[in-house]
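Here's the structure, in structure tokens; my notes come after.
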Amino acid sequence: MPCFSLYLSVFRNDAVKSSCITLCIMKKLFFLFFGLLLWFTGSSQSCLPQGITFSTQAQIDDFHTNYPNCTQIEGDVTIRGADITNLNGLNGLKSIGGSLNICYDSVLTNLSGLGSLISIGNNLYLAYNPVMTDLTGLNAVSHIGGALQIYWNHALSSVTGLNNIITIGGFLDFIGNDTLTDITALASLKSINGYLRVGWNNSLKSLSGLGSIDYETITYLDIYYNDSLSDCSVNTICYFILTARGVQIYSNTTGCNSKQEVSDNCPYDVTVESITNDNVFSIYPNPASDKITLETSATPTQNQLSIMNLCGQEVLTCQITQPKMQLDISTLPSGVYFVRLTNDRITEVGKFVKQ
């Protein structure tokens, strides 16, 4: 074979080999990328926009078989069945876009199978679960998009499991939980968006777990028929009844039978009955950064002015000597403050924000 033909043949063979190698590498890279894509999209995906109802233990156990890789249910989830003993089959579920309703589960003692759940888009409704003793399993949830309703769970002794809840997007209800003695697990809760109602919880003695809620996020307060409840004077309750009219407190036990009894135990020296809404004084500007002006229609003699922080501590006091006075607040930390004007006839309370 001539030298040129031999060289051309070798060149062609090498070129073919090189092309084959390149093609093989490209195929492997493609299949590797495609496999990783399938794994990534398949390992965590949303599903069930219409929601799902579990009415038997078998449906709970078969969830991952029937809905492989489903970790984000888009719709409502209802768990309601006479033979449901555990929720372990839902392990790995990370979010629920709608409401989570757990009700009429006669043998379910806790929620430990929901340990991976991070968020609930709408309401959390827990009702008529007669042997449920706590809410273990909800520890990873920090936000509930709607209301939190805990109704008629007769064996529920605490709300352990709600320890990391920070915000609730709707109202907060505790109704008819006969053996509930402890709600301190809610100590991290900072805000709700609606009314706060506590009723018919016959073993509950204190509302201490609600003391961190911003009282301005509550629209109405209703505390009634809690036979053992004597301690309602947590900061949230105290400042809400001090500044709002939407309050009903009755038929509990001594110490929490009325707004007056609650106020008597609060960390400020203001009685509810003496707080008027007659616009005896006005405060402006509000919010303010350096100075506020206080203008009063009360006779300026013997009027004492106090400014208190949210802990009930007096941070400034002075005597009112004229109908219009300017006060220097530049040294106060930023926050919400109450202004109390007192004389021998009235106690008037107002509020301002220091920027």
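When peptides 217-223, 133-139 are sorted by average Cβ neighbour count within 10 Å, with the highest value leading, the order is 133-139, 217-223. The fewest-to-most ranking of Phe174, Phe54 by surrounding Cβ atoms within 10 Å reads Phe54, Phe174. In this simple spin-label model, placing a label point 7 Å from the Cα along the Cα-to-Cβ direction at both Val107 and Asp328 gives a separation of 7.4 nm.
The stretch between Ser289 and Ser95 holds 65.6 nm of extra length on full extension. This uses 0.36 nm per residue minus the Cα-Cα distance.
Note on Thr85 and Thr133: their simple-model spin labels are 1.6 nm apart, each label 7 Å out from Cα toward Cβ. Of Ile192, Ile283, the sequence from fewest to most neighbouring Cβ atoms within 10 angstrom is Ile283, Ile192. Can you compute the FRET efficiency between Asp62 and Tyr250 using 1/(1 + (r/R0)^6), with r the Cβ-Cβ distance and R0 = 51 Å? Round to the nearest 0.05. Once rounded, the FRET efficiency stands at 0.55.
Could you calculate the FRET efficiency of Ser228 with Gln45 from 1/(1 + (r/R0)^6), where r is the beta carbon distance between them and R0 is 45 Å, rounded to 0.05? My answer for the efficiency is 0.40. Projecting label points 7 angstrom from Cα along Cα→Cβ for Thr321 and Val336 puts them 3.3 nm apart.
Under Stokes-Einstein, with the Kirkwood radius over Cα pairs as Rh, the value for the range 45-267 at 4 °C and 1.567 mPa s is 73 µm²/s. Counting every other Cβ atom within 10 Å of each residue's Cβ, Ile292, Ile165 order from fewest to most as Ile292, Ile165. Evaluating 6.51 cos²θ - 1.76 cosθ + 1.60 at θ = phi - 60° for every residue in the range 60-77, the Karplus couplings come out as 5, 5, 8, 4, 6, 6, 6, 10, x, 6, 7, 10, 9, 7, 7, x, 6, 10 Hz, glycine and proline recorded as x. In plain terms, the chain from Ser55 to Ser191 could stretch by 45.6 nm, reckoned as 0.36 nm per residue minus the Cα-Cα distance.
No lab work stands behind these numbers, since they all come straight from the coordinates. Note that this is a predicted model, so its numbers are computed, not measured. A quick note on method: Cβ atoms are made from the backbone with ideal geometry, for glycine too, and the neighbour counts reach across all protein chains shown.
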